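Colleague: Have a look at the structure that comes next, please.
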Amino acid sequence: MIAIRIDRFGGPETMTVSDVSIPEPQAGEVLVRNMAVGVNPVDFKIRNGQYPEVKADKLPLTLGREVAGLIEAVGEGVERFQVGNRVFAMIGADGGYAQYSRVPSAHLAIIPSSIDWRHAAAIPLAAHTAWQALMEHGHLERGQKVLIHGGTGGVGHFAVQFARAKGAQVYATASAGSLAFLNELGVDRAIDYKQERFEDICRDFDLVIDLIGGETQARSWQVLGEGGRLVSTLEMPDAHHPQAQGKTGTRFTARPDGHQLREIAEYVNSGQVKVVIDQTLELREAAHALNFIETEHVRGKVVLRVPQRDSEQKAG
Ligand SMILES: NC(=O)c1ccc[n+]([C@@H]2O[C@H](COP(=O)([O-])OP(=O)(O)OC[C@H]3O[C@@H](n4cnc5c(N)ncnc54)[C@H](OP(=O)(O)O)[C@@H]3O)[C@@H](O)[C@H]2O)c1
């Protein structure tokens, strides 16, 4: 099968379209024939050697961490899924950009029939991250005020919509060209992070979701009220910051969870949450896709279509 592999860390030149064997599902796993796969910043961080959990001893590996496709085979002990099911999942740090992926069945959910392959592939990693940030680490409640930094990206566009669906008051930051997009997603206030200071606009907030880190994170303590929470996907917030008193900060890593993915899929299926795809490229264009999300202003997600015959890929 075709897979996009790296055998050393570095830039786009390290990514090769390789011919490798189709993996065998182990006990508790299924083999998925991928139809589309999602693209996330973690993919270029792994490729660049900037992701702490993937060191050189894990190489070579296949990039890509979310997949949507048909179950081709099931391993021993898998009872909830059958060959032919339409499924999607967030997967570990090896194996997504490929025609077939091995996936633990506990990470999988059935794709509702209203969601096509591309939109399904755009959901798992980004939506799990948004959900876990808001609900598990942020303990968001109806009526609370939340500020989401980076509200237009893969994680941010889900976070804005989940927070709205929960009944929270949602403020989010973006660059000027993406403010209209934030308004379409339903924010109460779109903040242009280059022209406005979010700390002049937000007061006594219950929660900040930090998808940016650095100075943006440090300045975020002051928008929180007593007992407020700062939740980051990037860096552990500094609990000794002068404005951190009476507030809590955490950094987390998203985890796959099939039951949670089923719940997330219902929000999409019911139309409460929209999956926004900025670009769809072919699997062999994965290096270009990573370059795009690393350097451009992405709105929502980028996905890769997976060829169903080797000849399609080689001819391309
Ligand atoms: N810990 C975890 O498990 C986990 C999971 C998923 C993601 N992450 C990390 O979380 C971050 C966000 O992920 P993503 O998939 O949403 O990335 P993404 O799709 O690339 O989106 C990032 C967004 O940030 C915005 N942005 C850039 N600088 C900003 C600033 N100073 N203030 C406000 N917004 C700014 C950009 O919007 P504009 O174009 O409008 O500037 C862009 O839309 C990434 O660093 C990713 O690696 C971590």
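Colleague: Looking at Leu290, is it more than 16 Å from the ligand (Cβ to nearest atom), at pLDDT 95 or above, buried (at least 18 other Cβ atoms within 10 Å of the Cβ) and not assigned by TED's automatic domain parsing to the domain that holds Gly177?
Modeller: It is false that Leu290 is more than 16 Å from the ligand (Cβ to nearest atom), at pLDDT 95 or above, buried (at least 18 other Cβ atoms within 10 Å of the Cβ) and not assigned by TED's automatic domain parsing to the domain that holds Gly177.
Colleague: So, one more: Can you tell me which residues in the stretch 200-215 are closer than 15 Å to Gly150 by Cα and touching a helix residue (DSSP H, G or I) at 6+ places or on another chain (Cβ under 8 Å)?
Modeller: Correct list: Leu207, Val208, Ile209, Asp210, Leu211.
Colleague: Let me ask something else. Name the pairs: first residue in the stretch 26-53 and over 17 Å from Ile212 (Cα atoms), second residue within 11 Å of the ligand (Cβ to nearest atom) and acidic (Asp, Glu), Cβ to Cβ under 8 Å, at least 6 apart or on different chains?
Modeller: Between residues of the stretch 26-53 that are over 17 Å from Ile212 (Cα atoms) and residues that are within 11 Å of the ligand (Cβ to nearest atom) and acidic (Asp, Glu), the close pairs are Val37/Glu66; Gly38/Glu66.
Colleague: Next up: Just to check your reading of the model, which residue among Val160, Val146, Val170, Val155 is in contact (Cβ under 8 Å) with a residue 24 or more places away in the chain and within 8 Å of the ligand (Cβ to nearest atom)?
Modeller: Answer to the check: Val155.
Residues are listed down the side, and each one gets a yes or a no for (1) closer than 22 Å to Met35 by Cβ; (2) assigned to a loop (DSSP other than H, G, I, E, B):
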{"site": "Glu226", "(1), (2)": "no, no"}
{"site": "His240", "(1), (2)": "no, yes"}
{"site": "Ala244", "(1), (2)": "no, yes"}
{"site": "Lys274", "(1), (2)": "yes, yes"}
{"site": "Thr280", "(1), (2)": "yes, no"}
{"site": "Ala287", "(1), (2)": "yes, no"}
{"site": "Asn291", "(1), (2)": "no, no"}
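Colleague: Next up: Gly153 - would you say it is in contact with a Gly (Cβ under 9 Å, 6 or more places away or on another chain), surrounded by fewer than 21 Cβ atoms within 10 Å (Cβ to Cβ) and outside the structural domain of Leu290 (by TED's automatic domain parsing)?
Modeller: no
Colleague: Please state which of the following conditions Val268 fails to meet, knowing it meets all the rest: (1) within 23 Å of Leu179 (Cα to Cα); (2) away from the ligand (no atom under 13 Å from the Cβ); (3) not in a helix (DSSP H, G or I).
Modeller: Evaluating Val268 over (1) within 23 Å of Leu179 (Cα to Cα); (2) away from the ligand (no atom under 13 Å from the Cβ); (3) not in a helix (DSSP H, G or I) leaves (3) as the failure.
Colleague: Testing His157 on (1) assigned to a helix (DSSP H, G or I); (2) within 15 Å of Arg229 (Cα to Cα); (3) not hydroxyl-bearing (Ser, Thr, Tyr), one condition comes back false. Which one is that?
Modeller: Condition not satisfied by His157: (2).
The values are calculated or read from the model by the stated rules, or taken from the named source; none is laboratory data. None of these values were measured; they are calculated from a predicted model. In this analysis, Cβ positions are derived from the backbone assuming ideal geometry, glycine residues included, and neighbour counts consider all displayed protein chains.
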